[in-house]
1. Could you name every one of the strands (runs of 3 or more DSSP E) located completely within the range 276-365 that has at least 2 residues being β-branched (V, I, T) and modelled with pLDDT of 95 or more?
2. Looking at R318, is it farther than 28 Å from I207 by Cα, in contact with a strand residue (DSSP E or B) (Cβ under 7 Å, 6 or more places away or on another chain), open to solvent by 20 Å² or more (accessible area, probe 1.4 Å) and not aliphatic (A, V, I, L, M)?
3. Quick test for you: out of V41, V80, V4, V66, pick the one residue that is over 19 Å from N168 (Cα atoms) and either of a type in the set (F, W, Y) or in contact with a Leu (Cβ under 7 Å, 6 or more places away or on another chain) (or both).
4. Looking at this structure, is G113 open to solvent by less than 10 Å² (accessible area, probe 1.4 Å) and either outside any strand (DSSP E or B) or among the β-branched types (V, I, T) (or both)?
5. Among the residues of the range 363-393, what is the count of those that are away from the ligand (no atom under 13 Å from the Cβ), in contact (Cβ under 8 Å) with a residue 60 or more places away in the chain and open to solvent by 10 Å² or more (accessible area, probe 1.4 Å)?
6. Can you tell me which residues in the range 315-334 are touching a helix residue (DSSP H, G or I) at 6+ places or on another chain (Cβ under 9 Å) and either closer than 18 Å to M396 by Cα or of a type in the set (G, A, S) (or both)?
7. Quick one: would you say A56 is open to solvent by 10 Å² or more (accessible area, probe 1.4 Å), free of Cβ contacts under 8 Å to residues at least 60 places away in the same chain, touching a strand residue (DSSP E or B) at 6+ places or on another chain (Cβ under 7 Å) and of a type in the set (A, V, I, L, M, F, W, C)?
8. Quick one: count up the residues across the range 250-308 that are surrounded by fewer than 11 Cβ atoms within 10 Å (Cβ to Cβ), polar (S, T, N, Q) and either within 16 Å of the ligand (Cβ to nearest atom) or more than 24 Å from G320 (Cα to Cα) (or both).
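The values are calculated or read from the model by the stated rules, or taken from the named source; none is laboratory data. Bear in mind the structure is a predicted one, so any value in this text is a computation, not a measurement. Cβ coordinates were reconstructed from backbone atoms using ideal geometry, including for glycine residues, and neighbour counts include every protein chain displayed. In case anyone asks, the SASA skips ligands and DNA or RNA and just uses the protein heavy atoms, side chains included. Shrake-Rupley method; radii C 1.70, N 1.55, O 1.52, S 1.80 Å.
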Amino acid sequence: MALVSVELEAREFEWEFAPGRSIRGFGFNGEVPGPLIEAEVGDTIDVRLTNKLPQATTIHWHGVRVPAEMDGTHAVQPPVEPGGAFEYRFTVPDAGTFWYHSHTNETEQLERGLYGPLIVRGPDEPKLDHERVLLLDDLKLGADAGAAAFGDEHEHHAGREGDVCLINGRLEPELNVAGEALERWRIVNTANTRFVRLSIGARAFSIIGTDGGLLPEPMRATEVLVTPGERVDLAVGPFAEGERLEIEALPYDRGKGETPPVVFGTLRVGAPVTSHAEVPGTLRPIEPLAADNAEVTRAVSLKALMHGGHDQRADPVRVGELQVWDLVNETGQDHPFHLHGFFFQIIEENGAPPPVVSWKDTVNVPRKGQVRIAWLPDNRPGEWMYHCHILEHHAMGMMAHFAVVA
Ligand SMILES: [Cu+2]
């Protein structure tokens, strides 16, 4: 069990998202994304955050089962003021693709770049030829080549969608992949609002993991919807030398009209390698948490959350008591629901069971739709929260605090 020590300095910097094009960014250690934090299951991560920004900030460890007091929300810590520092320390119990990001003035701080990847590796991971971490984002530019002004009234309701698309902080980069290689792509949607119905040149790939690590078995697909906050792990390839494929988001209507297809980047296939990689037919067992007929313990109305405001409190839950929640969306927009600190399983989406059981911390609740989830509060009492991960909706008050009590 190793100790992984990381220094993160949040500061303003000139974020060059394309050659010769930059905005005044907010970054960790002067880069977007922030540094990749890598650990093995059971390691302890110690992060010293120093705030050199002109405004207060905190860090949320999205998906990591941290103690409540390390969760980075205002309910558990005072914001780190300019010039201040804070030490986050926690062990990482689960393998998976996670990310860290500001949890203060998020609409501006994430848009300006305060996020980074966190990878936790387990002992039995599939070994593919190569691995990439791809953080998908977009950026809304203003007239003066900076980020567009924040707090626009329309954005409160519709969310903020950018006009340029980025992978790992760069505008439409070209990625080089070796011919015949099978790669593991760890994908995170870090955008404020943009939904990504991901396609890689319309070619088939295998979905091997979600928010909370590996699936029981790989699922073949030619597209996958990744909403803000969500992660997917894919096995991608093999491709033939000379191929050129677009990494793009296909049209999607989240209730604001269908978006046109947008390109995030290009994949260029180079000289072939000899691949010894294959995706195992089984990845890891996941036991269903709740029976199909499990009694619903709570209904969460996203519409009610939308009008609840920031002091909204939900009923506490007790350690060890199975939670079965109906997430009910009576609004005309999709909302990606994020539960802090705990993984859940989806029991049904609009009345139908999901194609596969998996561990999630963020799930899209379709407009006029319903998603039933099950989760178990393990022994980490304290103050937790859930919210819509469209950051403008969260800022507007589409959230609630609740306590896990012993
Ligand atoms: Cu929302």
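1. It comes to 323-328, 344-349, 362-365.
2. yes
3. Going through V41, V80, V4, V66 in turn, the sole match is V80.
4. Taking the combined requirement at face value, the residue satisfies it.
5. Looking only at that region, the number is 8.
6. N329, E330, T331, Q333
7. On the way: open to solvent by 10 Å² or more (accessible area, probe 1.4 Å): yes; free of Cβ contacts under 8 Å to residues at least 60 places away in the same chain: yes; touching a strand residue (DSSP E or B) at 6+ places or on another chain (Cβ under 7 Å): yes; of a type in the set (A, V, I, L, M, F, W, C): yes.
Considered against the rule, which asks whether it is open to solvent by 10 Å² or more (accessible area, probe 1.4 Å), free of Cβ contacts under 8 Å to residues at least 60 places away in the same chain, touching a strand residue (DSSP E or B) at 6+ places or on another chain (Cβ under 7 Å) and of a type in the set (A, V, I, L, M, F, W, C), A56 comes out as yes.
8. Count: 2.
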